[in-house]
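Structure, as structure tokens:
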Amino acid sequence: MARAIPIVRLPSVQPPLIIGGGPAGAAAAIRVAEAGRPVTLTERHAEPADKVCGDFLSAEAMEAVQALGVELAALRPALIRTIRLVQGYRTAEASLPFAAIGLSRRALDEALLSQAVARGATMLRGHTVQGLQREGSGFVADVRGVGEIAAASVFLATGKHDLRGMRRTARVRNPIGLKMYFDLAPSAKMELSGRIDLILLRGGYAGLQLIEHGQAVLCLMISADQFNAAGRSWDLLLDAISQECPHLGVMMARASPRRDRPLAIAGMPYGYVHRVPGLPGLFRLGDQACVIPSFTGDGVAIALHSGVMAADAWLNGESASVYQARLARLVAWQMRRALLVQGCLQGPHLSAMAVPVARSFPGLLRAAAVSTRFRGARV
């Protein structure tokens, strides 16, 4: 007879169970632990790991990280002062209207998780939550290698990956996201220093920037058709977009990849905002609550603020539905503007005009950057 997997019952005054150790989950854990309350966080990666999104930190993200007790300067991020819009050979550049840095999710997530543990959070590391189901007035999480954990409240912070039993009601779209880290040639590294390149492509766009230790990261958001046309090969795809955008080809000349293969994700529901009433006690954080288009570089800021907002709501005895509605209101206008700008950047006719217009009116680039920022409450 197979041995039954035990259910791990938390104390009568049950701490929240946080599923996911990215910026949203870690921020929530820090906030709850700082209030002197017990909290348990699960993180599926046993060791520091690269993530497919989130190496650009805007001013509001930086402020939130610092407020959570993480000293960003100690992580040696790359400073980013200007944005350069690129299409083919053409470029247009403008100074960013806010401070920004390049910092890998590997470094950021580890710093936040370390802070959560230092504040008193319990972390179950290297254990994947395989499913979550309702049981009575609470929840039971199926945790690989641990068993079942019962909790009255759950903070769902699994990022772009849905959890069995708690999927989002989001329309899946067909873009594919790819990310690769590189060591650039010295001349390209110098050229990119202080800048982020937003590169317009047929069927998508790319972002190129520096992060800590002088490494470069190239993120692509392309259509499934474009990826299929390249034989679903990273090398062939990189060759194809370098031919389409000679500027990128110059920047990537003699670059050495730092990974065997790129990080990848598909089916991202850009524009999704969780608005429907959810289960009592289930707080959706980060990309489980809303998915902002990648070009804005504001996903980490939203994740951090959502984690803090959820923790504060729980600590104050507010319901998950009240928190969720508040977050949805805060991101609504930002999401609409981001989707509008994304449509302009990806439309074949409007995108062809983007660089000449931005060169003539650089204030438009700054305005677009400001209009797609998260404007929530201060952490």
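The values are calculated or read from the model by the stated rules, or taken from the named source; none is laboratory data. Just so we're clear, the structure is a prediction, and the values are computed from it rather than from any experiment. Every residue, glycine as well, gets a Cβ built from its backbone with ideal geometry; the counts of neighbours run over all protein chains shown.
Take the conditions (1) in contact with a strand residue (DSSP E or B) (Cβ under 6 Å, 6 or more places away or on another chain); (2) at pLDDT below 95; LEU220 misses just one of them, which is (2). You will find that of GLU60, GLU93, GLU71, the residue that is without any contact (Cβ under 8 Å) to a residue 24 or more places away in the chain, acidic (Asp, Glu) and touching a helix residue (DSSP H, G or I) at 6+ places or on another chain (Cβ under 9 Å) is GLU71 and no other. The lone criterion from (1) more than 30 Å from PRO38 (Cβ to Cβ); (2) assigned to a loop (DSSP other than H, G, I, E, B) left unmet by LEU236 is number (2).
Evaluating VAL143 against the criteria (1) touching a Gly at 6+ places or on another chain (Cβ under 8 Å); (2) of a type in the set (A, V, I, L, M, F, W, C); (3) more than 24 Å from ASN316 (Cβ to Cβ) leaves one unmet condition, (1). The requirement of being within 30 Å of GLY204 (Cβ to Cβ), buried (at least 24 other Cβ atoms within 10 Å of the Cβ) and not polar (S, T, N, Q) is not satisfied by VAL273.
Taking the numbered list (1) surrounded by 19 or more Cβ atoms within 10 Å (Cβ to Cβ); (2) hydrophobic (A, V, I, L, M, F, W, C); (3) within 21 Å of the chain's Cα centre (by Cα) in turn, ALA224 passes all entries but (1). Do we find a residue being over 29 Å from GLY343 (Cβ atoms), buried (at least 21 other Cβ atoms within 10 Å of the Cβ) and more than 17 Å from the chain's Cα centre (by Cα) anywhere in segment 184-192? Yes. Considering only residues that are within 17 Å of the chain's Cα centre (by Cα), assigned to a strand (DSSP E or B) and not basic (Lys, Arg), look in segment 134-179 and name the one that is surrounded by the most Cβ atoms within 10 Å (Cβ to Cβ). Going through the qualifying residues, I end up with PHE155.
Of the residues making up segment 101-111, at least one is within 19 Å of the chain's Cα centre (by Cα) and polar (S, T, N, Q). Can you tell me which residue among SER242, SER256 is surrounded by 16 or more Cβ atoms within 10 Å (Cβ to Cβ), more than 20 Å from GLY159 (Cα to Cα) and not charged (D, E, K, R)? Only one candidate qualifies: SER242.
Residues in segment 64-86 include at least one that is among the acidic types (Asp, Glu) and out of contact with any strand residue (DSSP E or B) (no Cβ under 9 Å at 6 or more places or on another chain). For ARG373, the conditions (1) within 21 Å of PRO269 (Cα to Cα); (2) among the charged types (D, E, K, R); (3) in a helix (DSSP H, G or I); (4) touching a residue at least 24 places away in the same chain (Cβ under 8 Å) all hold with the exception of (3). Looking at segment 272-360, the helices (runs of 4 or more DSSP H) lying wholly inside it that each contain 3 or more residues that are β-branched (Val, Ile, Thr) sit at 299-315, 320-346. Each residue in segment 108-131 was checked for being in a strand (DSSP E or B) and at pLDDT 95 or above, and 5 of them qualify.
Restricted to segment 286-334, and to residues there that are surrounded by fewer than 20 Cβ atoms within 10 Å (Cβ to Cβ) and touching a residue at least 60 places away in the same chain (Cβ under 8 Å), the residue that is nearest to LEU365 (Cα to Cα) is ASP312. PRO269 meets the conditions (1) assigned to a helix (DSSP H, G or I); (2) farther than 29 Å from LEU72 by Cβ; (3) in contact (Cβ under 8 Å) with a residue 60 or more places away in the chain; (4) out of contact with any strand residue (DSSP E or B) (no Cβ under 8 Å at 6 or more places or on another chain) in every case but one. The failed one is (1).
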